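Have a look at the structure below before the remarks.
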Amino acid sequence: MNALREKGLPDAAARRPIPPFTQEHEDFREGVRRFVETELRPHAHEWEDARWFPNEVFERCAELGYLGLKYEEEYGGQGGGYVADAVFAEELARCGSGGVAAGIGAHTSIATPPIWKFGTEDQKQRYLVPAIRGEKLGALGITEPDAGSDVAGIKTTARRVDGGYVVNGSKMFITNGVRADFIVTAVKTTAEGGHHGISFLVIDRGPGVESSKIEKMGWHASDTALIAFDDVAVPEENLLGEENQGFYLIMANFQWERIMMALGAVGAMQAMFERTLAYAKERTAFGRPIGSHQVIRHKLAEIALRIEAGRDLTYHGLRRFVDGADAVQEVTMAKLATQRAAFDTADDCLQIHGGAGYMVEYDIERAARDARLGPIGGGTDEIMKEILGRSLGL
Ligand SMILES: Cc1cc2nc3c(=O)[nH]c(=O)nc-3n(C[C@H](O)[C@H](O)[C@H](O)COP(=O)(O)OP(=O)(O)OC[C@H]3O[C@@H](n4cnc5c(N)ncnc54)[C@H](O)[C@@H]3O)c2cc1C
């Protein structure tokens, strides 16, 4: 029993490597953890208060190779594949600011992958290479004021003109939407409705592109914007992938985005749990540590179970994904299992902290606000259940 008591809830770093992670990945994890602890976490309060984190964070990440982990060396990447990126996402979640993790994650996990996967060599040179160097920052613009879950309902149009397109419309809730130098943007290229008339354009910030920052419940350090496009001229060579085939591009990246969100939730839950476990051992009430009251001991046991279940599902989805298998079911389950779980975990941890949990100083209230986005962003929990339900033939 005593040995068990000392065990805590070991995370990936404290275990033998669990496939698909290798010892090399675990060594890499140590370095990322050190970076997060020493260079990001100490600034979390300040950046959240400022409702912004400096662009130098991207530059520093670039210097350490973190913006190009999965990309080939010929583009300035590390050639480390998806698994290295997965380690980074899980560790980044420990930085104490969902906004910082979201800003970096939007650049590396949703804005640049479509250029890597679907871009021409010229597009990779113009956008991916400077993005990996931290010189150009990216955003992905799909959601609109009138279309979120129902992607086929987007209304931003790209009208064909000589040499390219003219774009009109708006994008809503776009992460990095204020600071981004380029926006990988979903547009309608046919008048007909439905999935088939969607294309992607890489739109540079410039004349006709107007961003306004939106205040939100959490993720304060990230800039979330409404972006208006007013007669924006986009050259032909900025069409990403084939015209009218943009829906496939959206679907292709969703799996990766959802794995990243699941990994982020697992990392965030683990960090909250560790802090709360320590608090439950130190804080006393009625003459003994609060953690030795059975209700709290059981609550922490439930949280540990929730994290372990979420982590195992997420690693399973990641394994299937990196093996090139059809991982839609597993990835959907991982996202669904971890996002509400992270919010519930934050709320439980807050409760265990009592009044201190409600105070800004202890970070738990921020973790709860940040975690609330999970069941909404990257496909809502309801949409995840739809995908899962349909995969069962229903
Ligand atoms: C902080 C933040 C950052 C974001 N960053 C980005 C970004 O960088 N790029 C980007 O493109 N988007 C981004 N989003 C948008 C996000 O992806 C959408 O908010 C999300 O997909 C949900 O869309 P919606 O808000 O329009 O909700 P809606 O689609 O209007 O849904 C409203 C409610 O109805 C439910 N619902 C909808 N359809 C169904 C159905 N068929 N069955 C059952 N229930 C249903 C939903 O689950 C939800 O509960 C961000 C959002 C936030 C809040």
Mind listing whichever residues of region 322-366 are closer than 30 Å to residue 80 by Cβ, assigned to a helix (DSSP H, G or I) and open to solvent by 20 Å² or more (accessible area, probe 1.4 Å)? 322, 328, 329, 330, 333, 336, 337
So which of 197, 193 ends up being open to solvent by 50 Å² or more (accessible area, probe 1.4 Å), in contact (Cβ under 8 Å) with a residue 24 or more places away in the chain and not charged (D, E, K, R)? 193
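Just to confirm my filter: which strands (runs of 3 or more DSSP E) fall fully inside region 137-182 and include at least 2 residues that are within 12 Å of the ligand (Cβ to nearest atom)? Quick ask: steps written out before the conclusion?
Values: elements: 138-141, 157-161, 164-175.
Those strands (runs of 3 or more DSSP E) span 138-141, 164-175.
Name the residues in region 186-232 that are among the acidic types (Asp, Glu) and more than 15 Å from the ligand (Cβ to nearest atom), would you? Spell out how you get there, then give the answer.
Residues of region 186-232 among the acidic types (Asp, Glu): 192, 204, 210, 215, 223, 230-231.
Within region 186-232, 192, 204, 210, 230, 231 qualify.
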Evaluate region 304-320: report whether one residue or more is farther than 21 Å from residue 388 by Cα, of a type in the set (Ser, Thr, Tyr) and either open to solvent by less than 70 Å² (accessible area, probe 1.4 Å) or under 18 Å from the mean Cα position of the chain (by Cα) (or both). no
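Listed here are the residues, each with its yes/no results for (1) surrounded by fewer than 24 Cβ atoms within 10 Å (Cβ to Cβ); (2) in a helix (DSSP H, G or I); (3) within 16 Å of the ligand (Cβ to nearest atom); (4) not hydrophobic (A, V, I, L, M, F, W, C).
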residue: 78; (1), (2), (3), (4): yes, no, no, yes
residue: 88; (1), (2), (3), (4): no, yes, no, no
residue: 108; (1), (2), (3), (4): no, yes, yes, yes
residue: 124; (1), (2), (3), (4): yes, yes, no, yes
residue: 131; (1), (2), (3), (4): no, yes, yes, no
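From 379, 374, which residue is open to solvent by less than 40 Å² (accessible area, probe 1.4 Å), within 16 Å of the ligand (Cβ to nearest atom) and on the phi > 0 side of the Ramachandran plot?
Working: 374 fails: on the phi > 0 side of the Ramachandran plot.
Only one candidate passes the filter, namely 379.
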For region 323-380, what are the residues that are farther than 30 Å from residue 289 by Cβ and among the hydroxyl-bearing types (Ser, Thr, Tyr)? 332, 380
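The values are calculated or read from the model by the stated rules, or taken from the named source; none is laboratory data. Treat the numbers as computed from the prediction; the structure is a model and nothing was measured. Because the Cβ atoms are built from the backbone with ideal geometry, glycine has one as well, and the counts that use them run over all protein chains shown. Areas reflect the complete protein model, heavy atoms only, side chains present, ligands, DNA and RNA absent. Shrake-Rupley method; radii C 1.70, N 1.55, O 1.52, S 1.80 Å.
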